[in-house]
Amino acid sequence: MKYKINYHNKRKLINNLKNSIYCRIQSSKINGVGVYAIKDIPKNVNPFVTTTGCIKEDIVDIHEDELNNLHPNVKKLIKDFYHKEDGYYGVPLSGLNNNNISYYMNHSEKPNITHYVNNSCNMVLFKSLRKIKKGEELVIDYDNF
């Protein structure tokens, strides 16, 4: 199948594939699946950079009481993947089927990843706290996230 090629976008994608892909999902010794480095990740690098850069995602606040009207497994997904603040979960308007690889990081009290907020696009971004070696699982402290 041939696709219409936008060569500017193709260059951006190739650059992202060459320089910004660091991780994959695989079985974890910590819990179920986790995110693992497929190559060394330098300190202070966001291992989840997208080709399009800042994703201006609309976030919808859903009160915890509203979760009671959802299927129990959907309710569990929201509780597993999104943090609650003042009784509300911030859920992307695009829905749960668009969760990215970073959502699969497991918890550790000795994290190698931290987060920060990019206020210009309402996104939580990540960066490595130290050099992460190829094959190492990326972990974040859920209590500080």
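Every number in this text was worked out from the coordinates using simple rules, so none of it is lab data. Every value quoted in this text rests on a predicted model; they were computed, and no experiment measured them. Reconstructed Cβ throughout: ideal geometry from the backbone, glycine too, with neighbour counts over all protein chains shown.
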Query raised in the report: Given the chain, what percent of its DSSP beta bridges are antiparallel, to the nearest 5?
Result: 90 percent
Query raised in the report: Fewest first, what order do Phe126, Phe81 take by the number of other Cβ atoms within 10 Å?
Result: Phe81, Phe126
Query raised in the report: In what sequence do Tyr36, Tyr142 fall when counting other Cβ within 10 Å, fewest first?
Result: Tyr142, Tyr36
**Report entry** Entry for semi-axes √(5λ) of the Cα gyration tensor in Å (calculated from the structure that is shown) out of (i) 35, 19, 13; (ii) 21, 20, 15; (iii) 27, 22, 15
**Finding:** (iii)
Query - Proximal lysine pairs, segment 33-145, alpha carbons under 15 Å, eight or more residues apart or interchain - result: 11
Query raised in the report: Between Leu125 and residues 5 or more places away or on another chain, which pairs have amide H atoms under 5 Å apart, with H built 1.01 Å from N, and which residues are they?
Result: Tyr116, Val117, Asn118
Report summary line: Ordering 28-35, 100-107 by per-residue average of other C-beta atoms within 10 angstrom, highest first, gives 100-107, 28-35
Query raised in the report: Dipole size in debye (nearest 20) for the chain around its Cα centre, Lys and Arg Cβ +1, Asp and Glu Cβ -1?
Result: 1320 debye
Report summary line: Going from the fewest other Cβ atoms within 10 Å to the most, one would list Tyr7, Tyr82, Tyr22, Tyr88 as Tyr7, Tyr88, Tyr82, Tyr22
Query raised in the report: Once Lys and Arg get +1 and Asp and Glu get -1 on their Cβ, which of Ile59, Tyr82, Ile14 lies farthest toward the positive end of the dipole of the chain?
Result: Ile14
Query raised in the report: Using the Cα gyration tensor of segment 52-113, with a ≥ b ≥ c the square roots of its eigenvalues, what is the shape: rounded (a/c below 1.5), prolate (a/b larger than b/c) or oblate (neither)?
Result: oblate
Report summary line: Measuring from its Cα centre, segment 83-145 shows a charge dipole (+1 at each Lys and Arg Cβ, -1 at each Asp and Glu Cβ) which, in debye to the nearest 20, is 400 debye
